[in-house]
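Derivation of every value follows stated rules applied to the coordinates shown; laboratory data play no part. Remember, it's a predicted structure, so these values are computed and weren't measured experimentally. Note: ideal-geometry Cβ built from the backbone for every residue, glycine included; neighbour counts use all protein chains shown.
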Amino acid sequence: MMARLDTLPARQVAAGIAAGDFTAVEVARASLDAIAARDGQVQAFLQVSEELALAAATRIDAARAAGEPLPPLAGVPVAFKDNMNLLGTRTTCASRMLESYESAYTATCVQRMLDAGVIPLGKLNMDEFAFGSTTDSSAFHPTNNPWDTRRVPGGSSGGSAAAVAAGEVTVALGSDTGGSIRQPASLCGVVGMKPTYGVVSRYGVVAFGSSLDQVGPFGRRVEDVALAMSALVAGGRDRLDSTSQDCEQDYLAHLDDPIEGRAVGIIPALLEAEGLAPEVRAAMQEAIGKLAASGARIVEVDLPNMANSIAAYYALAPCEAFSNLARFDGVRYGYQEPGCTALSEQLSLSRAHGFGVEAKRRQMLGAYLLSSGVYDKYYLAAQKVRTLITADYQRAFAQVDAILMPSSPTVAWEHGSISDPAALYLSDIYTISSNIAGNCGISVPVCLGAQSGLPIGAQLQGRAFADATLLTFARALERACEMEGAVAPACAGKGGEL
Amino acid sequence: MRRLAEVLRDWEAVIGLEVHTELTTLETKMFCGCRLSHDDEPNANVCPVCLGMPGALPVPNERAIESIVMAGIATNCEIMRRSMFYRKHYFYPDMAKNFQTTQGPVAFCMHGRLDLEVSGIGAQERPDGTTERTADGSYVTPIRILRIHMEEDAAKMVHVGGGEGRIGGASESLVDYNRCGAPLIELVTEPDLRTPEEARLFMERLRQTFLTLGISDCSLEHGSMRCDGNVSLRRRGETELGTKTEMKNINSLKSLHDALEYEICRQAEVLEGGGRVYQETRHWEPSRRRTVAMRMKETADDYRMYPDPDLAPFDLSDEFVERCRARVPELPDAKRDRYVGSFGLRRADAAQIAGDPAVAALFEGAVAASRGGVAPTVANVVVNLLPGHVLSAAQVSGLSNLLADDAITFAQARELLEIVEGTDADPERVVDERGMRQSTDVGALETIVDEVLGRCADQVRQYRDGNRKVVGFLVGQCMKASKGTGNPKLFNQLLSQKLGE
């Protein structure tokens with residue numbers, strides 16, 4: 001049977017291998033082939049782990065030959081954001097600081113994907129240490145949006161979104177601290193989910209904002225994302241991450257449940273906000289109409305403190321970043337300035353030359369915000385805002401099961417067209433509040449923009465630990481919008497035959 | 001410099017202690033599963049967490065939390081049901097993450113208290129009239145404990161190529177991360193201590209308490225218990241606090257006393273000479289018996305403390321606290337009182353035995369194996385004979401029975417101890433085998449006494465002239481004549497009788 005890997009849902013990849021339609025090694029080679037054909041343009045990968053991929057595929061084929069039961073994601077090509085440790089690869093966080101850092105162990109989220117049978121294709125580009133929303137701050141190279149390579153894929157998990165949108169891999173993992181999964185998913189026309197804080201272990205994922213970071217999957221279908229989610233929670237609570245919870249479940253079980261009569265919230269003020277591109281606003285109206293046509297009740301809700309979320313975030317996240325990145329000093333690993341004769345000189349020059357501009361800006365900001373006399377004014381105030389935003393969500397989710405809003409105020413923009421960091425920070429307006437409150441969110445492609453022809457995602461947010469319900473609504477929206485499985489047209493068909 | 005006693009008549013010393021105790025009896029580190037050990041090769045017990053590798057996360061050691069709660073209960077602290085860990089930032093290679101995980105304003109244990117009983121010569125350091133005393137000059141003073149918090153230890157740094165292992169002039173600095181992340185509890189007292197002796201006693205009490213709890217080996221020498229002393233002076237009657245200095249490198253109870261004594265006298269000299277005491281950290285040099293300035297502390301360091309987002313706040317349940325309370329064994333004070341009350345020991349002996357759980361266990365084992373009423377003799381053996389030796393409880397009991405029966409002298413007991421030490425020999429059997437048992441046959445002893453009195457006419461005359469002390473010499477002569485088998489007490493009685501006739 002002839003098939004194109006980039007058209008296959010994850011479930012069919014695994015089923016095809018189980019049925020003997022193709023082997024896992026053939027799948028691995030098809031994925032490597034697609035990367036070879038497409039990534040020159042897209043530049044999603046920082047490392048392609050061909051040996052690891054073929055070794056994993058060979059194991060799957062041997063297991064099948066031996067008549068052993070195959071794991072749920074057997075043979076599914078997956079790649080990982082480069083802030084996730086995987087033995088046998090470097091974990092660079094797209095930074096000079098960790099350019100040659102070899103993973104000392106494997107992150108729990110990566111291990112759980114491997115345990116589910118995936119083929120690891122490599123490590124994906126990102127904004128340096130996940131600081132950004134363009135992937136342009138990678139110390140090595142930018143990543144290009146597969147729909148239009150002059151444009152950014154979004155960020156910070158831009159490599160993850162682009163690799164999936166380009167059809168190079170079926171699923172990718174990213175991390176989301178203020179929207180870093182949902183925004184690039186929207187800009188690249190794929191599904192990207194930020195689970196509830198605590199659902200997926202953070203152990204082995206290089207921390208940015210420990211109280212905000214959450215790992216989640218990208219896929220071209222909600223179903224693929226649900227399958228990956230099931231793999232990420234398999235085994236329950238991770239005892240290596242004391243903030244993780246036991247959320248083991250099958251996220252496919254209720255995926256196709258009807259949403260008739262169930263309530264979806266909208267926030268009218270958000271849809272009228274200044275800075276929201278008209279084609280994105282139109283796409284949201286269309287998505288709301290389609291959900292209503294699917295039987296959902298549309299209910300107006302309010303998150304009155306959401307306007308303060310960006311200010312709160314830029315007080316909290318840099319503090320945690322300053323603290324989390326303090327360990328990168330070139331003493332035990334990472335970039336060490338040569339020729340220093342004093343410890344203080346070595347520490348400061350290694351950090352001055354190992355980190356890029358944005359990484360330094362965030363750490364300087366955090367160091368200032370945590371200093372005595374300043375701490376109460378910003379950090380403590382931001383924690384209070386956090387409490388208020390969390391309470392807002394609780395009130396809203398007493399009325400509705402999901403809230404619909406944009407993932408990004410605009411479609412993908414051209415590289416270098418926004419240079420003011422504050423303007424970039426403001427583009428996170430729709431995503432940040434769910435990191436602050438710790439609940440779940442997902443971006444689902446709903447259409448191509450009427451003006452730009454570029455993909456637009458709608459974001460659904462759900463209540464904490466109701467990730468399965470969120471996926472049910474995401475699947476309903478996907479069904480209604482008929483964007484399922486789309487590969488960026490410029491990439492589709494290039495390499496990757498099975 | 002003036003002497004301490006003189007200085008303290010004019011000045012009041014205000015002393016506070018910060019005591020770090022590594023929980024050496026735990027199996028693993030504070031936030032990872034690495035083995036806790038001081039004996040292994042450098043950097044043998046490390047993992048991604050304690051090395052601060054990218055992506056690693058801390059998981060708290062629940063047994064360490066139990067230990068600190070027990071420490072809090074034993075020092076009469078309030079156990080805070082909700083507290084959390086903070087990050088304290090500083091850049092130095094001894095802390096792999098460049099921040100130390102410690103606690104913030106609320107610690108697991110707050111507002112405790114220990115009552116110190118100060119007696120003997122040490123009690124004289126406090127000038128008369130500054131505290132209420134009993135007839136023998138001893139006094140009791142309450143020492144408040146501000147808090148006990150949980151934190152992780154730093155790595156050990158070894159500076160090579162410079163002088164005395166100091167960083168200045170060193171060509172290389174080596175880091176051993178075996179200790180990095182070891183569970184540490186820090187106890188901070190209120191500034192309630194007034195003399196070096198009180199500080200020494202407090203530290204001793206704390207050491208005894210933690211040893212009894214079994215939470216640490218409490219070695220000052222090897223650094224599993226470390227103490228910094230803060231001291232300032234003020235004129236007697238003054239209520240404002242003076243400028244304090246902080247004493248480091250205290251590695252014995254004696255050092256703590258001597259460093260504070262030196263520092264109090266030094267500060268007094270500076271102040272009396274019209275000078276100013278600078279807030280600084282000073283290093284105690286035991287060999288030269290002085291403190292030297294290490295670094296000035298004019299401004300407070302900014303550690304940028306904030307709650308550690310990787311560690312959820314702790315909510316201790318009643319059940320958890322009660323479980324810890326049930327694990328607190330009989331503490332030294334209660335044990336001392338029981339020994340005095342049930343066994344009739346002297347208070348000082350009782351306190352000494354009760355202070356060391358291993359000694360107390362041996363004592364109680366020996367008492368249980370001995371006849372009734374022998375306990376004070378067992379205590380005598382344990383306090384005066386045993387230090388430096390290792391005997392089983394049965395052997396201690398055997399020795400004590402022999403002594404209580406006057407079957408051997410104290411000198412013979414010492415000899416016997418060396419014979420049976422390291423074997424499982426029964427002292428009573430050894431005494432019989434070697435014919436060491438003292439004679440209590442009065443008739444035989446009388447013959448010896450008469451012979452001695454006959455040839456020591458000079459001493460007999462001296463005795464009759466009122467020099468009663470010569471009896472000791474005569475007892476010695478009797479012992480010699482009996483080849484050590486006579487009972488000296490009986491000889492003494494017989495001699496006194498006959499000389500009195």
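With K and R counted +1 and D and E -1, the other residues having a Cβ less than 13 Å from that of B:Thr209 yield a net charge of 0. What angle do you read, to the nearest 10 degrees and between 0 and 90, between the alpha-carbon axis of helix B:442-455 and the longest principal axis of chain B? Tilt relative to chain B: about 80 degrees.
Would you mind ranking A:Phe465, A:Phe129 by Cβ crowding within 10 Å, fewest neighbours first? Kindly include the intermediate steps, with their values, before the conclusion.
On the way: A:Phe465 17, A:Phe129 30.
With the sparsest Cβ surroundings first, the list reads A:Phe465, A:Phe129.
Placing dummy labels 7 Å off each Cα toward the beta-carbon, the span from B:His283 to B:Glu27 is 4.0 nm. Dipole check for chain A: with +1 at the C-beta of Lys and Arg, -1 at the C-beta of Asp and Glu, and the Cα centre as origin, the magnitude is about 540 Debye.
Charges only on Cβ, +1 for Lys and Arg, -1 for Asp and Glu: so what's the dipole of the range A:1-129 about the Cα centre, in debye to the nearest 20?
Numbers: 11 positive and 15 negative charges, 39 e Å.
So the magnitude is around 180 debye.
Any chance you could tell me what percent of the C-alpha pair distances in the protein assembly as shown go past 38 Å? Walk me through the numbers on the way to the answer.
Working: 291568 of 498501 pairs.
Here the long-distance tail beyond 38 Å is 58 percent of all Cα pairs in the protein assembly as shown.
Take each uninterrupted DSSP H stretch in chain A, measure its Cα extent along the helix axis, and return the ones at 30 Å or beyond whose mean Kyte-Doolittle hydropathy is at least -1.0.
Working: long enough: none.
For chain A, where a helix must reach 30 Å along its axis and average at least -1.0, there are no hits.
For B:Lys88, a cut-off of 26 angstrom between C-alpha atoms picks up these lysines, skipping any fewer than 8 places away in its own chain: A:Lys360, A:Lys377, A:Lys384, B:Lys29, B:Lys97, B:Lys156, B:Lys244, B:Lys248, B:Lys297. With an a/c value of 1.5 or above and a/b larger than b/c for the gyration tensor axes a ≥ b ≥ c computed over the alpha-carbon atoms, the range B:442-500 is described as prolate. A dipole drawn for the range A:5-263 from +1 and -1 charges on Cβ atoms has a positive end, and of A:Gly219, A:Gly155, A:Gly236 the residue lying farthest that way is A:Gly155. Under 14 Å Cα-Cα from B:Lys489, which aspartates and glutamates qualify once same-chain neighbours fewer than 8 residues away are excluded? Partners within reach: B:Asp405, B:Asp406, B:Asp441, B:Glu446. Working from label points 7 Å from Cα in the Cα-to-Cβ sense, the A:Ala55 to B:Arg235 distance is 7.9 nm.
Only helical DSSP H runs with n ≥ 4 go in: add -39500 (n - 2.57) per run for chain B, normalise by residue count and round the 222 nm mean residue ellipticity to 500 deg cm²/dmol. -11500 deg cm²/dmol, from helical runs alone. Cβ screening of chain B for cysteine pairs under 4.7 Å finds these without a partner: B:Cys32, B:Cys34, B:Cys47, B:Cys50, B:Cys180, B:Cys218, B:Cys227, B:Cys265, B:Cys324, B:Cys456, B:Cys478.
Label-to-label distance, A:Ala398 versus B:Val328, with points set 7 angstrom from Cα along the beta-carbon direction: 4.3 nm. Computed from Cα positions, the angle between helix B:253-272 and the longest principal axis of chain B comes to roughly 70 degrees. For A:Ser180, the shell of other residues with beta-carbons less than 14 Å away shows a net charge of -3, using +1 for Lys and Arg and -1 for Asp and Glu.
The C-alpha atoms of chain B define a longest principal axis, and helix B:410-420 lies at about 60 degrees to it.
Is the range B:160-269 best put as rounded, prolate or oblate by its Cα gyration tensor, with a ≥ b ≥ c the root eigenvalues, rounded for a/c under 1.5, and otherwise prolate when a/b is larger than b/c, oblate when not? It comes out oblate by the Cα gyration axes. Among rounded, prolate and oblate, which fits chain B when a ≥ b ≥ c are the square roots of the eigenvalues of its C-alpha gyration tensor, a/c under 1.5 means rounded, and a/b larger than b/c means prolate? Prolate shape, in that a/c is at least 1.5 and a/b is the bigger ratio.
With r defined as the distance between the Cβ atoms of B:Arg144 and B:Glu204 and R0 fixed at 25 Å, what FRET efficiency is calculated, to the nearest 0.05?
Numbers: r = 18 Å, r/R0 = 0.71.
Once rounded, the FRET efficiency stands at 0.90.
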